[in-house]
Each structure stands twice: as C-alpha cells, then as structure tokens.
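The values are calculated or read from the model by the stated rules, or taken from the named source; none is laboratory data. The structure displayed is predicted, hence computed values, not measured ones. Note that each Cβ is placed from the backbone with ideal geometry, even for glycine, and that neighbours are counted across all protein chains shown. Accessible surface is based on the protein model in full, side chains and every heavy atom, while ligands, DNA and RNA are left aside. Shrake-Rupley method; radii C 1.70, N 1.55, O 1.52, S 1.80 Å.
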Amino acid sequence: MPTLPTWSGASSFDYTGSVKHGTKIRYGNNGAFSVTMTALQYTTLLNYFRRRTVEIGTSRTQPPRGSLGEWLQANVTRTAIASYVGPILIAEGFAARDGSTRIRFR
C-alpha cells in the first residue's frame, strides 16, 4: 500500500490499487476515512485533462473553475480529494507538478 504526501505536504495518505485499475484512498488519522475512485473515473479524468495544465484546486469549498478539484467534486465525490488524486497521478506517471498550485497532464 503506497503512502504519499498530500499536495501541500502537510500530511500523508495511503491507497490501494492503481490509476489503471481504480483506487481506494485512505486518509485522516490512521486512515479513518476513505474514498474509492474507479478505473473508469480515472480514464474519464485523464481524457478530459489530456495535455492540459490546470490548477490543482484543493479548496474544500471553492475549488477554482476548471481545476482538477472542481472536476472531482462534480464527477466523483463532493469530498475534496484533489490533495490525494494529484499526487497519485504524479506518482504513477500520468501528470507532473507545475509549481505549487498547478498540475500538468501528459
């Protein structure tokens, strides 16, 4: 089970699975909370953001328009998960960090 830092680096989370097969992301104290993202959701996300650079959008209440966070809240869960999904996409080679607030998709 990989453990990664959140986007800000202030804490960490772990996950099982992969972008290609879907993930279960565990976060909070001792993984008290979890969210599942399916392989189809990742595929749809990657197709939507292909070759684009966008804001990560980690705000829990108002992610920037057009950001990864806004897309995730509209298409996966109202819970703010961009802080976890961004690092997973980078760790698995689907995106790269572009400064402190932007993510560049391959």
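A few notes on this one:
- Entry note, the chain: relative contact order of 23 percent, from Cα contacts under 8 Å with a spacing of 6+ residues.
- Overall, the accessible surface of the range 1-88 at a probe of 1.4 angstrom is composed of carbon and sulfur to the extent of 47 percent.
- Exposure ranking of Thr53, Thr6 by accessible area [1.4 Å probe, largest first]: Thr53, Thr6
- Dipole magnitude for the chain: computed about the Cα centre from +1 point charges on Lys and Arg Cβ and -1 point charges on Asp and Glu Cβ, it is near 260 debye.
- Remark: C-alpha extents of the chain on the principal axes read 33, 27, 23 Å, sorted largest to smallest.
- In this calculation the C-beta distance from Ser12 to Arg50 is compared with R0 = 41 Å, giving a FRET efficiency of 0.90.
- Helix-derived mean residue ellipticity, 222 nm - over the chain, DSSP H n ≥ 4, -39500 (n - 2.57), to 500: -8000 deg cm²/dmol
- Förster radius 25 Å - calculated FRET efficiency between Asn30 and Arg97 (Cβ-Cβ, nearest 0.05): 0.40
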